[in-house]
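The values are calculated or read from the model by the stated rules, or taken from the named source; none is laboratory data. This structure is a prediction, so every number in the text was calculated from the model and none was measured. We place every Cβ from the backbone using ideal geometry, glycine too, and count neighbours over all the protein chains shown. Keep in mind that these areas ignore ligands, DNA and RNA; they rest on the heavy atoms of the full protein, side chains included. Shrake-Rupley method; radii C 1.70, N 1.55, O 1.52, S 1.80 Å.
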Amino acid sequence: MADLIATYYYRPRADTTPEHAAQALADEETTGTWTDISTTTEYVRRLDGIVDSVEPQGNGYLTRIRYPAEIFEPGNIPQYLSVFAGNLFGLGRLDSVRLLDVEFPDVLVAPFPGPKFGMEGVRRLVGTTKRPHVGTIIKPKVGLTPKDTAAVAYEAAIGGVDLIKDDETLTSQAFCPLPERVNEVMSRLDEAKSETGRHVLYAVNVSTRADRILERAQTALDNGANMLMIDVLTAGFDAVRALAEDPSVKVPLHIHRTMHGAMTRNPEHGIAMRPFARLVRMVGGDQLHTGTASGKMGHVPIAEIRGDNEALLCRCYGLKSVFPVSSGGLHPGKVAAELAALGTDIVLQAGGGIHGHPGGTAAGARAMRQAADAFMEGVSAEEYAKDHYELAQALQKWGSSAEHS
Ligand code: CAP
Ligand code: MG
């Protein structure tokens, strides 16, 4: 049985050598504790964590820790996390520690069916092959009634988006109960479909308490939902899994990562996006936010985002690929920079960058699609804007730059 290997960046406390600090981490998460103990019988030693390597990196060190696969209960994500992303973050012998990546042995991935649709399945539903998908988040993120939410969705669909989604904080509050919202939005999307012939996805945020998530998903499906959304870090990996593995859920799952910044943002401490991306693929997310090259959120090096997207797209473990989502502070003037940096197998989302368009939501959606079309045709946004009015208006308002918002 192959082992699980986790890679960490860390800084040891001043009175601790790098080797001792890495060993303390391996011990804490496997058979050891802070002192010798009399209860460690010899046969337990096969479960010892092994420090494979320690090398200098930046202000600290990089270590690869080998965890025997037998330590893990196959298929139990909370238990996996408690080992390679558990107590170690609080150990006093380390001033800081960041989990960078995890290599899973086959035996620990085998219990997971992975995405039901994956990128190819989502593309098939929408009818695309190569071009990036364009999506929008209904804004304002909270406050609209179901009818007004549906009116915004209709405008976005008419303008040409492939995907409309709830924002991460909208679930089923009194001002916009989920059943009415889904019902209204889906009937307006039907209207748009009869006018344009295009199938637009609506990702309904079903995040809620663990024991009610299936029921809520069912309510969304009963009201016509053709995609579901889960806030994976606040609802939990098993919330996604419960939906992915339920045979009655026959729609793709859009995965938002709200709260990730608490763990991913500090380059010296926490958890990088990579392990989360791998877990989301295992539990069955069909598309996942991984960040932008030029948007409004914290600036992650582009190479890191590319690596995260590669973890979603690579041929591995026999799992379908996950559609990466680039979102946060995007507008038509940033489309070329995103596609050049991250490739065209991507969902580009814009909330403010569509609903803030001077011509309104439909014009904003058109401008985003025009910017994507321009890139696919190898033409600059400025050139394309000469005979695409909505794009011209967007560039006039926001400009076109690869600088972060
Ligand atoms: C984007 C967004 C998303 C962020 C999350 C927001 O809206 O809806 O939640 O993209 O970041 O509320 O900010 P705008 P990430 O287009 O109006 O910015 O995808 O990096 O997790
Ligand atoms: Mg949002």
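In the stretch 159-180, what residues are closer than 21 Å to Gly364 by Cβ and touching a Lys or Arg at 6+ places or on another chain (Cβ under 9 Å)?
Gly159, Gly160, Val161, Asp162, Asp166, Asp167, Glu168, Leu170 - these are the residues of the stretch 159-180 that are closer than 21 Å to Gly364 by Cβ and touching a Lys or Arg at 6+ places or on another chain (Cβ under 9 Å).
Hey, among the residues in the stretch 180-207 that are under 25 Å from the mean Cα position of the chain (by Cα) and part of a loop (DSSP other than H, G, I, E, B), which one's nearest to ligand 1 (Cβ to nearest atom)?
Checked the stretch 180-207; the qualifying residue nearest to ligand 1 (Cβ to nearest atom) is Ser207.
What is the number of the single condition among (1) over 15 Å from Pro132 (Cβ atoms); (2) among the aromatic types (Phe, Trp, Tyr); (3) open to solvent by less than 20 Å² (accessible area, probe 1.4 Å) that Tyr389 does not meet?
Going through the list (1) over 15 Å from Pro132 (Cβ atoms); (2) among the aromatic types (Phe, Trp, Tyr); (3) open to solvent by less than 20 Å² (accessible area, probe 1.4 Å), Tyr389 breaks only (3).
Within the stretch 302-311, does at least one residue satisfy the condition of being among the basic types (Lys, Arg) and part of a helix (DSSP H, G or I)?
Within the stretch 302-311, one or more residues are among the basic types (Lys, Arg) and part of a helix (DSSP H, G or I).
Scan the stretch 42-58 and tell me whether some residue there is polar (S, T, N, Q), in a helix (DSSP H, G or I), modelled with pLDDT of 95 or more and under 23 Å from Ile271 (Cα atoms).
Within the stretch 42-58, none of the residues are polar (S, T, N, Q), in a helix (DSSP H, G or I), modelled with pLDDT of 95 or more and under 23 Å from Ile271 (Cα atoms).
Whether any residue in the stretch 62-70 is open to solvent by 50 Å² or more (accessible area, probe 1.4 Å), in contact with a strand residue (DSSP E or B) (Cβ under 7 Å, 6 or more places away or on another chain) and outside any strand (DSSP E or B) is what I want to check.
So far as the stretch 62-70 goes, no, none of its residues is open to solvent by 50 Å² or more (accessible area, probe 1.4 Å), in contact with a strand residue (DSSP E or B) (Cβ under 7 Å, 6 or more places away or on another chain) and outside any strand (DSSP E or B).
Determine if the stretch 238-253 includes at least one residue that is in contact with a His (Cβ under 9 Å, 6 or more places away or on another chain), modelled with pLDDT of 95 or more and open to solvent by 10 Å² or more (accessible area, probe 1.4 Å).
Checking the stretch 238-253: not a single residue is in contact with a His (Cβ under 9 Å, 6 or more places away or on another chain), modelled with pLDDT of 95 or more and open to solvent by 10 Å² or more (accessible area, probe 1.4 Å).
Within the stretch 149-174, restricting attention to residues that are acidic (Asp, Glu) and in contact with a helix residue (DSSP H, G or I) (Cβ under 9 Å, 6 or more places away or on another chain), which residue is farthest from Asp373 (Cα to Cα)?
Glu168
Taking interchain pairs and intrachain pairs at least six residues apart, which have beta carbon atoms under 8 angstrom, with the first residue in the stretch 343-364 and within 22 Å of Lys130 (Cα to Cα) and the second aromatic (Phe, Trp, Tyr) and not in a loop (DSSP other than H, G, I, E, B)?
Listed by first residue and then by second, the contacts come to Thr344/Phe375; Asp345/Phe323; Ile346/Phe323; Val347/Phe323.
Can you tell me which residues in the stretch 208-234 are in a loop (DSSP other than H, G, I, E, B) and free of Cβ contacts under 8 Å to residues at least 40 places away in the same chain?
Thr208, Arg209
State all residues of the stretch 235-250 that are more than 16 Å from ligand 2 (Cβ to nearest atom), more than 19 Å from Leu99 (Cβ to Cβ) and part of a helix (DSSP H, G or I); if no residue qualifies, say none.
Asp238, Ala239, Val240, Arg241, Ala242, Leu243, Ala244, Glu245, listed by residue number.
From the list Pro105, Pro113, which residue is modelled with pLDDT under 95 and not polar (S, T, N, Q)?
Pro113
Residues of the stretch 328-356 being more than 19 Å from the chain's Cα centre (by Cα), outside any loop (DSSP other than H, G, I, E, B), surrounded by fewer than 20 Cβ atoms within 10 Å (Cβ to Cβ) and more than 14 Å from ligand 2 (Cβ to nearest atom), which ones?
Within the stretch 328-356, just Ala340 meets the criteria.
Report, by residue number, each residue of the stretch 357-378 that is of a type in the set (Gly, Ala, Ser) and either open to solvent by less than 20 Å² (accessible area, probe 1.4 Å) or assigned to a helix (DSSP H, G or I) (or both).
Ala362, Ala363, Gly364, Ala365, Ala367, Ala371, Ala372, Ala374
Are there any pairs with C-beta distances below 6 angstrom linking a residue in the stretch 251-263 that is closer than 20 Å to Leu100 by Cα and more than 10 Å from ligand 1 (Cβ to nearest atom) to a residue that is at pLDDT 95 or above and of a type in the set (Gly, Ala, Ser), with the two at least 6 apart or on different chains, and if so which?
Pairs found: Met263/Gly270.
Within the stretch 161-179, can one find any residue that is among the acidic types (Asp, Glu), surrounded by fewer than 19 Cβ atoms within 10 Å (Cβ to Cβ) and part of a strand (DSSP E or B)?
no
Conditions tested, residue by residue: (1) assigned to a helix (DSSP H, G or I); (2) open to solvent by less than 10 Å² (accessible area, probe 1.4 Å); (3) away from ligand 1 (no atom under 16 Å from the Cβ); (4) of a type in the set (Lys, Arg).
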{"site": "Gln79", "(1), (2), (3), (4)": "yes, no, yes, no"}
{"site": "Ser82", "(1), (2), (3), (4)": "yes, no, yes, no"}
{"site": "Ser96", "(1), (2), (3), (4)": "no, yes, yes, no"}
{"site": "Pro115", "(1), (2), (3), (4)": "no, yes, yes, no"}
{"site": "Gly121", "(1), (2), (3), (4)": "yes, yes, yes, no"}
{"site": "Leu125", "(1), (2), (3), (4)": "yes, no, yes, no"}
{"site": "Tyr154", "(1), (2), (3), (4)": "yes, no, yes, no"}
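Would you please name the residue that is farthest from ligand 2 (Cβ to nearest atom), looking only at residues in the stretch 135-190 that are within 14 Å of His355 (Cβ to Cβ) and of a type in the set (Ser, Thr, Tyr)?
Among residues in the stretch 135-190 that are within 14 Å of His355 (Cβ to Cβ) and of a type in the set (Ser, Thr, Tyr), the one farthest from ligand 2 (Cβ to nearest atom) is Tyr154.
List the pairs whose first member sits in the stretch 170-182 and is touching a residue at least 12 places away in the same chain (Cβ under 8 Å), whose second member is surrounded by fewer than 14 Cβ atoms within 10 Å (Cβ to Cβ), and whose Cβ atoms are under 7 Å apart, counting only residues at least 6 apart or on separate chains?
Final answer for the pair search is Leu170/Lys141; Phe175/Gly143.
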